[in-house]
Amino acid sequence: MKISVIDKQGSGIALQLAKAIGATISGRFIYIPESKGSGYITGFSWGNDMSVMIRNYHLKEDILIERTNEFAEGQENVIFLLSGVFPSLIQSDEQLSTEQANILICRQGVAAVMTMPSNTLFGSVTIRVSRQYLNQLFEQLDHPVVASVLEAKDNFVYETTLSSQIIHTTSDMLHQSVPEALESRYYKLKCEELLCYIFAILMQREAVSTSVMHIEDIKAIYAVKTHLQSHLNEPPHIATLAREAGMSQPKLRKLFKQTFGKGVFDYYQSVRMQEAARLLREKRLSVSEVGYLLGFTNLSHFSRVFEEYIGVKPKRYSSEQ
């Protein structure tokens, strides 16, 4: 299903999505109809300053949302999408996949297209903040990456991993127990707390100046990311990736590290070891099965790399799960 919506003044798309799929609205909750899936969307808006949308649902068919932004003159918004931040509350007999856990930060214009695959559990928090309000909160921070979020007039995208503090705070948001009269204030404070944790993560990045990224650059870098994730048993070949991305090797290396905070090979190994941990934890495969499945011919090497990225040897990790 393809849905076209108009986002006026950063007011969001939840109500327009609800109307398009025939969802039930009860207070601040939008419930997905059984014919379309299950779960809910909820959130709050604080005028032009900030809004939050919490998604906890799955859909039975693919939905593609194309959003046209209509902002007041001078209004610029930044999107913080925290995906996979809490376990799904949805009970389903269907075989459902889960969205990748990460944080995506970009200008709202970059997020004009939103894809919602079918049979995927969404457990995410999306915070929309005006650039002006972000500066009120964080202009005292002296770091190039933070400055690029607060000041950049061009497109940018940063993606990073979740922290334990972020998982804890989003869990609080799901299970809050304050009176209804205090909910709006409570959620605004929680959103600001999440922004603090996100900027703390960004400040851990190497303090180098950032390069302008055009939309085609962003698409190319994410195509490289998708390739790495789908070829975990094949070490990346930079020359081939750069050629397919239509950019030089130095440009690919710079923009990839700028976006993800890691070099291409470091990112590949990190995702590879996360998948190894998942196979040991969820599929209960043996250490040798996982190592060979992910392209290792030397299990001692696999064990060393796993310990470097996960913190323990794979055999111990498997026995502890």
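The table below lists the values:
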| quantity | calculated |
| --- | --- |
| Single residue of 221, 201 found to be open to solvent by less than 20 Å² (accessible area, probe 1.4 Å), at pLDDT 95 or above and touching a Ser or Thr at 6+ places or on another chain (Cβ under 6 Å) | 221 |
| Conditions (1) within 24 Å of the chain's Cα centre (by Cα); (2) open to solvent by 60 Å² or more (accessible area, probe 1.4 Å); number of the one not met by residue 269 | (2) |
| Selected residue (only one of 228, 232, 280 is buried (at least 16 other Cβ atoms within 10 Å of the Cβ), touching a Leu at 6+ places or on another chain (Cβ under 6 Å) and not hydroxyl-bearing (Ser, Thr, Tyr)) | 232 |
| Residues that are aromatic (Phe, Trp, Tyr) and within 12 Å of residue 202 (Cα to Cα), drawn from the range 120-178 | 158 |
| Number of the exception - residue 208 against (1) open to solvent by less than 40 Å² (accessible area, probe 1.4 Å); (2) touching a Pro at 6+ places or on another chain (Cβ under 7 Å) | (1) |
| Contacts under 6 angstrom Cβ, first residue in the range 190-202 being free of Cβ contacts under 8 Å to residues at least 12 places away in the same chain and assigned to a helix (DSSP H, G or I), partner among the aliphatic types (A, V, I, L, M) and open to solvent by 10 Å² or more (accessible area, probe 1.4 Å), 6 or more apart | none |
| Residue in the range 306-318 that is open to solvent by less than 30 Å² (accessible area, probe 1.4 Å), among the aromatic types (Phe, Trp, Tyr) and under 24 Å from the mean Cα position of the chain (by Cα) present | yes |
| In the range 1-29, residue least open to solvent (accessible area, probe 1.4 Å) [restricted to those that are assigned to a strand (DSSP E or B), aliphatic (A, V, I, L, M) and modelled with pLDDT of 75 or more] | 3 |
| Residues of the range 295-304 that turn out to be open to solvent by less than 40 Å² (accessible area, probe 1.4 Å) and over 14 Å from residue 233 (Cα atoms), as a count | 1 |
| So residue 285, is it part of a loop (DSSP other than H, G, I, E, B) and under 15 Å from residue 302 (Cα atoms) | yes |
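For every residue, the table says whether it meets (1) within 25 Å of residue 206 (Cα to Cα); (2) of a type in the set (Gly, Ala, Ser); (3) over 24 Å from the mean Cα position of the chain (by Cα); (4) loosely packed, with under 13 Cβ neighbours inside 10 Å.
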{"site": "262", "(1), (2), (3), (4)": "yes, no, no, no"}
{"site": "265", "(1), (2), (3), (4)": "yes, no, no, no"}
{"site": "275", "(1), (2), (3), (4)": "no, no, no, no"}
{"site": "293", "(1), (2), (3), (4)": "no, no, yes, no"}
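Yes/no matrix, rows are residues, columns are (1) of a type in the set (Phe, Trp, Tyr); (2) over 30 Å from residue 1 (Cα atoms); (3) open to solvent by 10 Å² or more (accessible area, probe 1.4 Å); (4) touching a residue at least 60 places away in the same chain (Cβ under 8 Å):
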| residue | (1), (2), (3), (4) |
| --- | --- |
| 124 | no, no, no, yes |
| 129 | no, no, no, yes |
| 133 | yes, yes, yes, yes |
| 136 | no, yes, yes, no |
| 139 | no, yes, yes, no |
| 149 | no, yes, no, yes |
| 155 | no, no, yes, yes |
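The values are calculated or read from the model by the stated rules, or taken from the named source; none is laboratory data. Source: prediction; values computed, not measured. Cβ coordinates were reconstructed from backbone atoms using ideal geometry, including for glycine residues, and neighbour counts include every protein chain displayed. Surface accessibility is based on the protein's heavy atoms, side chains included, excluding ligands, DNA and RNA. Shrake-Rupley method; radii C 1.70, N 1.55, O 1.52, S 1.80 Å.
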